[in-house]
Amino acid sequence: MTARLDRAGSATMQAADAWRDNLVGRELELLARLGVDWPQHGRRHIRCPFPDHEDRHPSWRWDAERRAWFCTCGGGDLISAVMRMRNCGFTEAVQWLERDLGIHHRPAVTRRVR
């Protein structure tokens, strides 16, 4: 049973990694669509855009090199930002990316080994 869970977890991680790769280069565009107004020049930090974090001092930033956000309330990738902004899980975040942003991912075809 543990092996089955490990394979399922591995498949989920592979799907998440494939989605992250599909978003490369579009992060700032997608953050803007989420309502995150990232300054082009100047400050490195803005007030946290997440509805569950009342940020009195700008503490949220996007690191384009790492393709990740960082804040005093946590850190993560673009998909986790969608999850926090929209208060949803991974599946719902991906559905939003597909439906509202027109981003589609075609999973790699894998063959079952017998």
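The values are calculated or read from the model by the stated rules, or taken from the named source; none is laboratory data. Please read these numbers as outputs of a predicted model, since none were measured by experiment. Counting neighbours? That spans all protein chains shown, and the Cβs are built from the backbone with ideal geometry, glycine included.
Within segment 45-81, which residues are of a type in the set (Gly, Ala, Ser) and more than 16 Å from Gly35 (Cα to Cα)? Before the answer, list the steps.
Of the residues in segment 45-81, the ones of a type in the set (Gly, Ala, Ser) are 59, 64, 68, 74-76, 80-81.
Result: Ser59, Ala64, Ala68, Gly74, Gly75, Gly76.
Look at segment 87-102 and say how many of its residues are touching a residue at least 24 places away in the same chain (Cβ under 8 Å) and surrounded by 15 or more Cβ atoms within 10 Å (Cβ to Cβ).
Narrowing segment 87-102 to residues touching a residue at least 24 places away in the same chain (Cβ under 8 Å): 87, 90, 94, 97, 100-101.
From what is left, the residues that are surrounded by 15 or more Cβ atoms within 10 Å (Cβ to Cβ) are 90, 94, 97, 101.
The qualifying residues number 4.
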- Identify, please: which residue in segment 35-58 is surrounded by fewer than 13 Cβ atoms within 10 Å (Cβ to Cβ) and under 21 Å from Gln95 (Cα atoms) and is, among those, modelled with the highest pLDDT? Pro51
- Note on the structure: Being in contact with an Asp or Glu (Cβ under 6 Å, 6 or more places away or on another chain) and at pLDDT 85 or above narrows Ala68, Ala64, Ala32, Ala93 down to just Ala68
